[in-house]
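Below you'll find the structure, written out as structure tokens, and then a few comments.
The values are calculated or read from the model by the stated rules, or taken from the named source; none is laboratory data. Bear in mind that the values here come from a model prediction, so they are computed numbers and not experimental data. Virtual Cβ from ideal backbone geometry, glycine too; neighbours counted across all protein chains shown.
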Amino acid sequence: MSGRRFFGRARWRAPLLALGLGLSLWAGVERWVQLTQLPPLGVETSVEVLARDGALLRAYTVADGRWRLGVDPARVDATYLAMLVAFEDQRFYSHSGVDPFAILRAVAQAARHGRAVSGGSTLTMQVARLIEEGPTGTWAGKLRQIRVALALERVLSKEEILALYLHHAPMGGNLEGLRAGSFAWVGREPVRLTEAQAALLVALPQAPAARAPDRHSVRARAARDRVLARAAAAGVISQGAAEAARSEALPQSRRPFPALAPHLADRLRTANPERSFHRTTIDAHLQQALERLAQASLRDLPPQASVALMVADPGSGAILASVGSAEYLDPARKGFVDMTQALRSPGSTLKPLIYGLAFSDGLAHPETLLDDRPARFAGYAPQNFDRMFRGPVSAREALQISLNLPVVELTQALGPARVMAALRAAGVRAEVPGDVPGLAISLGGMGVSLEGLVQLYAAIARGGEAVTLSAEPDGPGLRQRVMSAEAAWQLGDILAAAPRPARLPDWRLAFKTGTSYGHRDALAIGYDGAHVAGVWVGRADGAPVPGTFGVDVAAPVLFDIFAHLGTGPVALPPAPPATLVMSHSDLPAPLRQFGHRGTAQPEVPQVAFPPDGAALFLMDGQVLARVERGQAPFTWFANGAPILRQSHEREAQLALDGPGFVTLSVVDGQGLAARVEIELR
């Protein structure tokens, strides 16, 4: 009996010992894995600047000079992912980091052939090697990969491990990750790839230097075709699709990464260096078209000249395209200087603002006659560009042919401070020599950027109300009123009918050109019912470009911009109901002729009541108004429309429509004016 008991124990001793050893080994391996020091799992990716639709405008290399773009597996071609798993790791979704079957197969094939025929590395093991940049081809290196792979599987999901591979897979040179490889070798996002493209991107990471398609096309083709064959055998693609993919040509060269709107991208990155993604309002297709247009515009310009362009939506303030220079990398043209931001003389492009203020304040009307004759203003003696004088001329014609004397006279009546205040209300940065504005500001005697001019014209295009231009979706807003809606419409009506060279289309495009002193800057700014655009031509270093005029070199580019925006300009809006549309003979007497110049300064009228900014309650639809100073008779205007003509009384009950905001103006018998803005309740 005791013998049977002894032999029974002996029979179970070996299995129990084996089980114990196995459990001890398993526990040791588990502890070995748990004690693994994992490398940092965060991925430094390239800073990206994106268009309004999410398309890549520009990317920057990471700190070590590699291209490593962020990858969302959900935005990767499904065929590529299926090919990757079928070729690299068929049991990826079932193993725990190491595939013993693949290892045994690799060992058996190596023993049979005397060399390595297939690898036993899983995708997880490859990730382990890539994130540590560990050695390959050594037992110590392989053991480390196994340890890290097992540890990764315990802390990350399969999707997270796959995402790490998609970020780190080497694609040749300084290309790292699927998106970088896809842009460089295919020229597009990896969201949709052909079977041949997907197979090439699967094959490259195994030997990126030896399989670079631009230098080793035979090897690259052979590797790609092996992936296609494996994918067909695994049922990922059909045999017919694999056969067709084999005939697809390989990339002949590495493509450059998108580099649209480089100046804007640099500004955004500098302003917010901590951001990985900068989303913009830029239209990628329009941006690309206008960069080509800017480059084409250089053909007839001197070697040092450049071109800058901008397009915006005046309704929202969104910048749709911004070209800081025609050649970003051209040192001779100083292409690195963003000429949409540089402060330069605006030439005559500020004249519409001055006329608009005069219309808004009741100083003048488009049909008001102005004197175009020689004059001196406290020692300042401006002349017209052609040094000719035309005598009495309507404000409409004076603006359309860009006369200098009438606009200086209007500026004197408004006061330079009033013009500068209007620029501030429009959100435009303007610098004046010595910080003391004089009458010369009306002819370009200040510094304003191209973006500032486009923002000013955006305010005119949207009915006199300012809006802040921004290339960021949540950019700051600005809703100050610069001039009345009626005055803004009158400007558009005048500028849309301005004379232009015969080679330009006869479009109803409201535009104004400008040429700064010494031919240093040539400008054209314009708008239609949906867009506002600006063009600057000149040298970034401020040197003259002899023979350059805004109407000759900038205006044609402006019209080309609007041609890229559609079949022609969008119609300008109709006149506001209160707009005073009439001939010169029908104008109220104070508006028929602008006040004559003289040595004695006339007494300017002032609105004593209501005060500027007041909120008043309408009493029987009327408001009491009082004017002080000035000479009778007085004509009162509400939002540019006359409501009381030729009154010799300084007090008047004015019939006004409310509630709402009203610009109340009074013009005296000498044509001098004052205005206030009030709210009616």
The listed residue being more than 16 Å from Glu88 (Cβ to Cβ), of a type outside the set (Phe, Trp, Tyr) and out of contact with any Lys or Arg (no Cβ under 8 Å at 6 or more places or on another chain), out of Gln206, Gln252: Gln252
Filter result for Leu164 (part of a helix (DSSP H, G or I), surrounded by 21 or more Cβ atoms within 10 Å (Cβ to Cβ) and modelled with pLDDT of 95 or more): yes
Hits in the stretch 168-221 - residues which are over 27 Å from the mean Cα position of the chain (by Cα), in a helix (DSSP H, G or I), at pLDDT 95 or above and within 17 Å of Ile131 (Cα to Cα): His168, Pro205
Residue within the stretch 536-558 that is assigned to a loop (DSSP other than H, G, I, E, B), in contact with a helix residue (DSSP H, G or I) (Cβ under 6 Å, 6 or more places away or on another chain) and within 14 Å of Thr349 (Cα to Cα) present: no
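Can you tell me which residue is surrounded by the fewest Cβ atoms within 10 Å (Cβ to Cβ) among those in the stretch 291-302 that are out of contact with any Asp or Glu (no Cβ under 9 Å at 6 or more places or on another chain) and in contact (Cβ under 8 Å) with a residue 12 or more places away in the chain?
Going through the stretch 291-302, the residues out of contact with any Asp or Glu (no Cβ under 9 Å at 6 or more places or on another chain) turn out to be 291-292, 299-302.
Filter once more, keeping what is in contact (Cβ under 8 Å) with a residue 12 or more places away in the chain: 291, 300-302.
Details: Glu291: 23, Asp300: 10, Leu301: 19, Pro302: 15.
Once the filter is applied, the top-ranked residue is Asp300.
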Tabulated pairs, the stretch 539-568, first on the phi < 0 side of the Ramachandran plot, second part of a loop (DSSP other than H, G, I, E, B) and among the β-branched types (Val, Ile, Thr), C-beta under 8 angstrom, 6+ apart or interchain: Arg539/Val545; Ala540/Val337
Qualifying residue in the stretch 387-408 (condition: at positive phi, crowded, with 23+ Cβ neighbours inside 10 Å and touching a Leu at 6+ places or on another chain (Cβ under 9 Å)): no
Residues (aliphatic (A, V, I, L, M), closer than 21 Å to Asp89 by Cα and surrounded by fewer than 23 Cβ atoms within 10 Å (Cβ to Cβ)) located in the stretch 209-226: Ala222, Ala223
Qualifying residue in the stretch 664-679 (condition: of a type in the set (Ser, Thr, Tyr) and within 27 Å of Pro392 (Cα to Cα)): yes
Residue match in the stretch 604-620 (condition: assigned to a loop (DSSP other than H, G, I, E, B), over 28 Å from Ala395 (Cα atoms) and of a type in the set (Phe, Trp, Tyr)): yes
Residue that is nearest to the chain's Cα centre (by Cα), among those in the stretch 369-389 that are over 26 Å from Pro590 (Cβ atoms) and free of Cβ contacts under 8 Å to residues at least 12 places away in the same chain: Asp386
Single condition Gln490 does not satisfy, out of (1) within 16 Å of Ala364 (Cα to Cα); (2) modelled with pLDDT under 95: (2)
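Working carefully through the options Ala245, Ala261, Ala234, Ala229, find the one that is in contact with a Leu (Cβ under 6 Å, 6 or more places away or on another chain), over 30 Å from Ala342 (Cα atoms) and surrounded by 13 or more Cβ atoms within 10 Å (Cβ to Cβ). If you could, list the steps in order and put the result at the bottom.
Numbers: Ala261 fails: over 30 Å from Ala342 (Cα atoms); Ala234 fails: in contact with a Leu (Cβ under 6 Å, 6 or more places away or on another chain); Ala229 fails: in contact with a Leu (Cβ under 6 Å, 6 or more places away or on another chain).
Unique residue meeting the criteria: Ala245.
Taking the conditions exactly as written (closer than 20 Å to Leu664 by Cβ and modelled with pLDDT of 90 or more), does Ala625 satisfy them or not? Show your work before the answer.
Values: closer than 20 Å to Leu664 by Cβ: yes; modelled with pLDDT of 90 or more: yes.
The answer is yes for Ala625.
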Helices (runs of 4 or more DSSP H) wholly inside the stretch 399-516 containing at least 1 residues that are under 21 Å from Ala530 (Cβ atoms), in contact with a strand residue (DSSP E or B) (Cβ under 6 Å, 6 or more places away or on another chain) and of a type in the set (Val, Ile, Thr): 450-461
Filtered residues of the stretch 485-509 (kept if crowded, with 23+ Cβ neighbours inside 10 Å and among the small types (Gly, Ala, Ser)): Ala487, Ala488, Gly492
Output for the stretch 518-534, where each listed residue is of a type outside the set (D, E, K, R), farther than 17 Å from Val570 by Cβ and surrounded by fewer than 24 Cβ atoms within 10 Å (Cβ to Cβ): Gly518, His519
Qualifying position, being of a type in the set (Gly, Ala, Ser), under 25 Å from Ile319 (Cα atoms) and surrounded by fewer than 19 Cβ atoms within 10 Å (Cβ to Cβ), among Gly464, Gly452, Gly447, Gly438: Gly447
Scope the stretch 394-425; condition free of Cβ contacts under 8 Å to residues at least 24 places away in the same chain and of a type in the set (Lys, Arg); matching residues: Arg424
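Looking only at residues in the stretch 288-317 that are charged (D, E, K, R) and modelled with pLDDT under 95, which one is farthest from Arg52 (Cα to Cα)? First the steps, then the outcome.
First, pick out the residues of the stretch 288-317 that are charged (D, E, K, R): 291-292, 299-300, 313.
Narrowing the set further to residues that are modelled with pLDDT under 95 leaves 299-300.
Details: Arg299: 31, Asp300: 33 Å.
Across the stretch 288-317, the extreme among qualifying residues is Asp300.
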From His263, His278, residue being closer than 23 Å to Asp330 by Cα and touching a residue at least 40 places away in the same chain (Cβ under 8 Å): His263
Residue selected from the stretch 603-632 under the condition surrounded by 16 or more Cβ atoms within 10 Å (Cβ to Cβ) and not β-branched (Val, Ile, Thr), by the criterion farthest from the chain's Cα centre (by Cα): Gly630
Of residues in the stretch 633-658 being out of contact with any Gly (no Cβ under 9 Å at 6 or more places or on another chain), small (Gly, Ala, Ser) and at pLDDT 85 or above, the one surrounded by the most Cβ atoms within 10 Å (Cβ to Cβ): Ala638
Breaking point among (1) over 30 Å from Arg373 (Cβ atoms); (2) among the acidic types (Asp, Glu); (3) crowded, with 21+ Cβ neighbours inside 10 Å, for Asp541: (3)
